[in-house]
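One structure is given below, encoded as structure tokens.
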Amino acid sequence: MELQNFTEKTVKALSEYYGKEAEVKNHKIYKNNGVLLQGVCALKNGKNIAPTIYINTFWERYQNGEVFGVLIKEMIQILEESQVSKDFNTDFFMDYENVRKKLVLRLIHLEKNKELLKKVPYIKFQDLAIVCHCMLMTEEIGMGAIVIHKEHLKLWNVEEENLFRDAFDNSPEMEPYSILKMSEIIKKILRNSMQEKIEEICEEYVCDKEALLDSSLEHMAQEIEEQHIPMYVLTNEKRCYGAACLVYPGMLEIIAEKLQDDFYIIPSSVHEIIVVAKTECIDSFGLNEMIDEVNRTEVDEEEWLSDHTYLYQRNNKKLISITNH
């Protein structure tokens, strides 16, 4: 069954369940990199907001033999658990003064988002694009974000220059950057998984649990550094859309000062950037092959940022793209 037919069947089944209690709608949702998802929502009477669920994965499960009725029950459960008790107040978004302090930067691929970029203000950065989001935190929907469109600027009578000035001012404060060694990141990830094992050891032998855990992690981190090229991870403290930290004012100079070298930029995903000193890695084309492999096998299409390496030359403060073409 094609996705379109599955969508129509889903809307019909949900409409029969909700009856006059809610209006069931389906709509296409364009995500980063032109990823298109099929959404379904059930707008209850008297409400101006309804949760949307993406049914693409349900369609795939149906294709693999799962029972349609079981999938519908699961969708209903998700829709009901996601309902909000209050209407969403959009009045604040009518006034730019309410929005300007909530603006942050996002870094996305230029070509893969060319349709979106026809509608939104952006700044070209190599083969990438800097766009603006308005971050929201409300009682009704929790944490969310709205992509700023050109139509919003017309509504507010605001120039693009002012929009980006505010976003560049806000971002380092709202989403502070973090630069850590890859080994430190791995230590943080492993700490939780090793905690239980260390506790078992300390129950059998008298020892300092924290000291043993720290010692074990430090030893593993040292082995990683000795066997691999020293790499640093640049992201924000939330590790969400942290690649935008790369365009924070003065960030390239900060990294160069930290490494005391020119450095390669490896676009891991929209969430993080990997940097490595040039003297530690002379095979930039090999880095491109690694990026291509990781993008194809490990990174979701929606989170993909770029397919090649960049080099920052600290003496002339120049950023160049390195491709295998």
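The values are calculated or read from the model by the stated rules, or taken from the named source; none is laboratory data. Because the structure is predicted, anything quoted here is derived from the model rather than measured. A quick note on method: Cβ atoms are made from the backbone with ideal geometry, for glycine too, and the neighbour counts reach across all protein chains shown.
If you take the residues of segment 47-61 that are in contact with a Leu (Cβ under 7 Å, 6 or more places away or on another chain) and assigned to a strand (DSSP E or B), which of them is farthest from LEU3 (Cα to Cα)?
ILE53
So is VAL99 farther than 18 Å from ALA13 by Cα and either in a loop (DSSP other than H, G, I, E, B) or modelled with pLDDT of 95 or more (or both) or not? Working first, answer last.
Values: farther than 18 Å from ALA13 by Cα: yes; either in a loop (DSSP other than H, G, I, E, B) or modelled with pLDDT of 95 or more (or both): no.
Here the answer is no, as VAL99 does not meet what is asked.
Output yes when any residue across segment 46-66 is within 30 Å of LEU117 (Cβ to Cβ) and of a type in the set (Asp, Glu), and no when none is.
Yes: one or more hits.
Right, VAL158: of a type in the set (A, V, I, L, M, F, W, C), crowded, with 20+ Cβ neighbours inside 10 Å and more than 18 Å from the chain's Cα centre (by Cα) or not?
no
When you look at LYS73, is it among the charged types (D, E, K, R), in a helix (DSSP H, G or I) and out of contact with any His (no Cβ under 9 Å at 6 or more places or on another chain), yes or no?
Numbers: among the charged types (D, E, K, R): yes; in a helix (DSSP H, G or I): yes; out of contact with any His (no Cβ under 9 Å at 6 or more places or on another chain): yes.
Yes, satisfied.
Is there any pair linking a residue in segment 45-56 that is surrounded by fewer than 16 Cβ atoms within 10 Å (Cβ to Cβ) to one that is among the basic types (Lys, Arg), with Cβ under 8 Å and at least six apart or on different chains, and which?
Short answer, once both residue conditions are applied: ASN45/LYS20.
Can you say whether GLU60 is modelled with pLDDT of 90 or more, under 20 Å from GLU303 (Cβ atoms) and not polar (S, T, N, Q), as far as the supplied structure shows?
Judged against the criteria, GLU60 is a match.
Among strands (runs of 3 or more DSSP E) lying entirely in segment 117-207, which contain 1 or more residues that are at pLDDT below 95 and in contact with a helix residue (DSSP H, G or I) (Cβ under 8 Å, 6 or more places away or on another chain)?
128-138, 142-147, 177-181
On the given criteria, is TYR30 within 30 Å of GLU151 (Cβ to Cβ) and touching a Gly at 6+ places or on another chain (Cβ under 8 Å)? Working first, answer last.
On the way: within 30 Å of GLU151 (Cβ to Cβ): yes; touching a Gly at 6+ places or on another chain (Cβ under 8 Å): no.
So TYR30 fails the test.
Among the residues of segment 76-96 satisfying the criterion of being among the acidic types (Asp, Glu) and in a loop (DSSP other than H, G, I, E, B), which is modelled with the highest pLDDT? Please lay out each step first, then the result.
Pass one, segment 76-96, residues among the acidic types (Asp, Glu): 80-81, 87, 91, 95.
Now restrict to residues that are in a loop (DSSP other than H, G, I, E, B): 87, 95.
Numbers: ASP87: 61, ASP95: 90.
Looking at residues that are among the acidic types (Asp, Glu) and in a loop (DSSP other than H, G, I, E, B), I get ASP95.
Are any residues in segment 1-34 of a type in the set (A, V, I, L, M) and either at pLDDT below 90 or in a strand (DSSP E or B) (or both), and if so, which ones?
Going residue by residue through segment 1-34, those that are of a type in the set (A, V, I, L, M) are 1, 3, 11, 13-14, 22, 24, 29.
Scanning segment 1-34 gives MET1, ALA22, VAL24, ILE29.
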